[in-house]
Amino acid sequence: MKQKFKKLSFIHVCKELPDDMSHFENDFDGIVCGTYSQEYGGGNIKDYCVYKLENGKIVDQIAWYDESQITLSDHQDRDKAEEMIEKYNLGDEDGDLNYSGNDSSGTEANAEPSRAGTGNPIISQPPSSAGPVHGVVGHAGILTSSIKRGNHGV
C-alpha cells in the first residue's frame with residue numbers, strides 16, 4: 001500500500017469534518033508534514049500531520065487528519081514548501097516567500113513564518129478523537145507539542 005500524499009505536498013483540508021472532529025481546524029490550505037507511520041513508525045499511512053497555512057505563511061502544525069479529509073492543491077513547489085518549513089521551525093521572520101494555494105480569495109501573501117513554540121512535551125500517542133495535536137517537529141522529526149481540546153480560542 002502506498003500513501004496518498006507525499007511529504008511537502010501543498011494540500012487543502014476539507015470544510016466538513018465528522019462530529020468527533022468538531023474541535024479540529026478545517027477548511028484551510030496546508031503542507032503535508034508526514035503520515036503517522038513516517039513520524040512514529042508502524043503501518044498507519046492514512047493519517048496525516050499538516051502545517052497550516054494562513055495568509056500565505058505557516059502558522060501551526062496539526063495532527064491527525066485522515067487522507068479522505070485532504071485534497072492535493074493544484075500548485076506544487078517542494079523547494080518552496082521545504083524552505084517555508086525550515087523558516088517556521090527556526091522561527092525566522094525575515095522570509096519573503098509567497099504561496100498561492102486554492103484559497104477562495106485568490107490572493108497571494110508574503111509567507112513570514114511565525115515563532116515556533118519550544119519546550120513542549122513529546123507527543124507519541126496514536127490518532128484519536130482526543131483532540132488535534134498542535135506544535136512543531138523538532139530535530140530528528142520528533143513532534144514537540146501540546147494537545148489542544150475544545151475551542152481553539154482558549
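The values are calculated or read from the model by the stated rules, or taken from the named source; none is laboratory data. Source: prediction; values computed, not measured. Neighbour counts are summed over all protein chains in view; Cβ atoms, including those assigned to glycine, are modelled from backbone coordinates with ideal geometry.
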Could you list, in sequence order, the residues of the stretch 1-42 that are in contact (Cβ under 8 Å) with a residue 12 or more places away in the chain and of a type in the set (G, A, S)?
-> S9, G30, G34, S37
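Every residue in the stretch 16-42 that is in a loop (DSSP other than H, G, I, E, B) and under 15 Å from S73 (Cβ atoms), please. Spell out the reasoning first.
Of all residues in the stretch 16-42, those in a loop (DSSP other than H, G, I, E, B) come to 16-18, 22-27, 41-42.
Passing the criteria: only D27.
Here are Q69, Q61: which of them is at pLDDT 95 or above and over 17 Å from L17 (Cα atoms)?
Details: Q69 fails: over 17 Å from L17 (Cα atoms).
That would be Q61, the only listed residue that is at pLDDT 95 or above and over 17 Å from L17 (Cα atoms).
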If we scan the stretch 74-81, do we find a residue that is farther than 14 Å from F5 by Cα, free of Cβ contacts under 8 Å to residues at least 24 places away in the same chain and outside any strand (DSSP E or B)?
-> yes
Considering residues of the stretch 43-58 that are at pLDDT 95 or above and outside any strand (DSSP E or B) only, the residue surrounded by the fewest Cβ atoms within 10 Å (Cβ to Cβ) = G43
